[in-house]
1. Given H placed on each backbone N at 1.01 Å, which residues far from Ile221 in sequence or on other chains put an amide H within less than 5 Å of it?
2. How would you classify region 40-162 from its alpha-carbon gyration tensor, with a ≥ b ≥ c the square roots of the eigenvalues: rounded for a/c under 1.5, else prolate if a/b is greater than b/c, otherwise oblate?
3. If eta is 1.306 mPa s and T is 10 °C, what Stokes-Einstein diffusion coefficient results for region 45-111, Kirkwood Rh from Cα pairs, in µm²/s?
4. Taking N as the number of residues in region 171-234, what value does Rg over Cα atoms divided by 2.2 N^0.38 Å take?
5. Would you calculate, for the chain, the mean residue ellipticity at 222 nm contributed by helices, counting each DSSP H stretch of 4 or more residues as -39,500 (n - 2.57) and dividing by all residues, to the nearest 500?
6. Kirkwood hydrodynamic radius for region 1-107: how many Å is it when counted over pairs of different Cα atoms?
7. Applying the Karplus parametrisation 6.51 cos²θ - 1.76 cosθ + 1.60 with θ = phi - 60° to the phi angles of region 55-60, what ³J(HN,Hα) value in whole Hz is obtained for each residue in order, glycine and proline being reported as x?
8. Roughly how many Å is it from the Cα centre of region 131-187 to that of region 1-74, as a whole number?
Amino acid sequence: MRSVDLNSDMGEGFGPWTIGDGVDAEIMPLISSANIATGFHAGDPSIMSSTVKMAREQGVSIGAHPGFHDLKGFGRRHINATADELINDIIYQIGALREIAKMHGLTLQHVKPHGALYMHAARDEEIAKLLVTQLHAMAPELLIYTMHGSKVHQQALEVGQPVVCEFYADRDYDLSGSIILTRKVGPLDPDHVAEKVLKACQEGKVKTVEGKEIDIQFDSICIHSDTPGALGLIQSTKSLLESNGISILAPQ
């Protein structure tokens, strides 16, 4: 790779509460794409507006980060709902951020479901098909962030919706290529995470929890802003990539 997108979740607070270390302002200049919380799992109109403004000032591309309607569980608990209901929730959230972005003179680059909703769409063919079909009808230029080989990825390729596949720097993988789900991630070694990302970029491989290496395909690296020590993880990763000739750029 000569360049790669680096994305992180931004604006994940609510009113006076902040998720993670509260370092959005420090992280924003380091990334190329920001996934902005849209109110259901985190975020509120004022936080959305200030986060969009911050992204504009730093030249960072923005995307909607819709989640399950679950503030208490931070969108990481599965909610049983019909596919139609979930799509309505997603479109509602995209619309909210789109209008706030317009207020600041920006357009949305992408949409990336959050947490449990992201994993649900990745595995459930009905919700994936409905999501991609609806997005293609309303915004055929909007990028969808997902995992390579997921149901969303497959559906996007079928209808011609632009798709960006992700590599999760701060999550572990198993032999199936799936990330290991956990509600609470402990502190990680920044150097270890950076080396893991560099290996993925240079060799297309990642070591699994079983101790074996698997192939990985991606266009974007995700480091969650609510992971403890996220700022250090992003700083180390960006520095190591750039020192090895890999630029941080939003998807073209």
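1. Asp5, Leu6, Asn7, Phe167
2. Oblate, since a/c reaches 1.5 and b/c is not below a/b.
3. 123 µm²/s
4. Ratio of Cα Rg to 2.2 N^0.38 Å: 1.09.
5. Computed ellipticity for the chain at 222 nm equals -12500 deg cm²/dmol.
6. The Cα-based Kirkwood calculation yields 14.2 Å.
7. Per-residue couplings from phi come out as 5, 4, 5, 9, x, 9 Hz.
8. Rounded to whole Å, the Cα centres lie 18 Å apart.
The values are calculated or read from the model by the stated rules, or taken from the named source; none is laboratory data. Because the structure is a prediction, the values reported are computed rather than measured. All Cβ positions, glycine included, derive from the backbone under ideal geometry; neighbour counts span all protein chains shown. Only protein heavy atoms, including side chains, enter the accessible area calculation; ligands, DNA and RNA are left aside. Shrake-Rupley method; radii C 1.70, N 1.55, O 1.52, S 1.80 Å.
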